[in-house]
Amino acid sequence: MNDPKIIVALDFPDSKQALEFARKTSPDQCRLKIGKELFTSCGPTLVEELVNSGYDIFLDLKFHDIPNTVQKAASAAARLGVWMLNVHALGGSAMMQAAREGVEIVAQRPFLIAVTVLTSLSSQDLKDIGIDRSVPDLVDRLARNALANGLDGVVCSAEEAPALRSSIGDSALLVTPGIRPEWASTDDQQRIVTPQQALADGASYLVIGRPITRHQDPAAALALIIESIA
Ligand code: C5P
């Protein structure tokens, strides 16, 4: 079965640009990620439209709430037919178990993954909120707890992938943003890894946005990246 490794981040303000992009590519080539901006402005209608066009959708809403609320939200996402969704591992074990139960209401449940520590947070930020651990240490702890509570994997930076692979095993999904081909601008990403390197380091799927979506020829940019990892 075709299993596209690239998840294109549809970081657009409205559905017009998102649908235009979806028409230029195909579900054989990539999956699509819908995040908070696009979902807040376009809602579930756009998700359904893209699912009906055959695309696998990663709904990146990072749920973090009481278990009952997260369970209901996860069920709602599963009913939309998304391929993958995520929650914050900091929501705790009961919340992650509830999310897992929530996605199981459909026959073919979506993958459920966890965000560990946001890459925007430093060890000092963790101290400020009362957590006296280094970022890598907390990432590892949260990832192992996510897997122990039935999640399928984690979102992580590609730089964290080798350590996480040895810690949580080969079957866990590692979904990595912060990916840049050599020819692309780094934009605001601080620590970047090429698509080839990320896969070699153990990533399962690569989240890539602007190098493709802001390229003058998005389909050609996507094709170049696919070729580079073939
Ligand atoms: O355009 P770019 O490739 O930088 O987009 C990366 C995508 O991955 C964005 O949607 C961004 O919000 C998301 N992301 C990230 N870093 C994280 C988690 C998610 O860049 N740690």
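The values are calculated or read from the model by the stated rules, or taken from the named source; none is laboratory data. Note that this is a predicted model, so its numbers are computed, not measured. Virtual Cβ from ideal backbone geometry, glycine too; neighbours counted across all protein chains shown. The area values use the complete protein model at the heavy-atom level, side chains included, leaving out ligands, DNA and RNA. Shrake-Rupley method; radii C 1.70, N 1.55, O 1.52, S 1.80 Å.
Summary of computed values
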quantity: Tabulated pairs, segment 51-76, first in contact (Cβ under 8 Å) with a residue 12 or more places away in the chain and assigned to a strand (DSSP E or B), second among the charged types (D, E, K, R) and buried (at least 19 other Cβ atoms within 10 Å of the Cβ), C-beta under 9 angstrom, 6+ apart or interchain; calculated: Ile57/Arg31; Ile57/Lys33; Phe58/Arg31; Phe58/Lys33; Leu59/Lys33; Asp60/Lys33
quantity: Candidate set from segment 16-41 (those that are more than 21 Å from Ala221 (Cα to Cα) and surrounded by fewer than 20 Cβ atoms within 10 Å (Cβ to Cβ)); member that is nearest to the ligand (Cβ to nearest atom); calculated: Gly35
quantity: Residues satisfying the stated conditions in segment 81-104, i.e. open to solvent by 30 Å² or more (accessible area, probe 1.4 Å) and assigned to a helix (DSSP H, G or I); calculated: Leu90, Ser93, Ala94, Gln97, Arg100, Glu101
quantity: From the options Ala172, Ala161, residue that is modelled with pLDDT of 95 or more, more than 11 Å from the ligand (Cβ to nearest atom) and more than 16 Å from Thr119 (Cα to Cα); calculated: Ala172
quantity: Given (1) surrounded by fewer than 17 Cβ atoms within 10 Å (Cβ to Cβ); (2) within 30 Å of Gln216 (Cβ to Cβ); (3) touching an Asp or Glu at 6+ places or on another chain (Cβ under 9 Å), index of the condition Thr176 fails; calculated: (1)
quantity: Hits in segment 216-230 - residues which are touching a residue at least 12 places away in the same chain (Cβ under 8 Å) and outside any helix (DSSP H, G or I); calculated: none
quantity: Close pairs from segment 200-215: first under 20 Å from Pro162 (Cβ atoms), partner among the basic types (Lys, Arg) and more than 8 Å from the ligand (Cβ to nearest atom), Cβ under 7 Å, at least 6 apart; calculated: Gly202/Arg165; Tyr205/Lys5; Leu206/Lys5
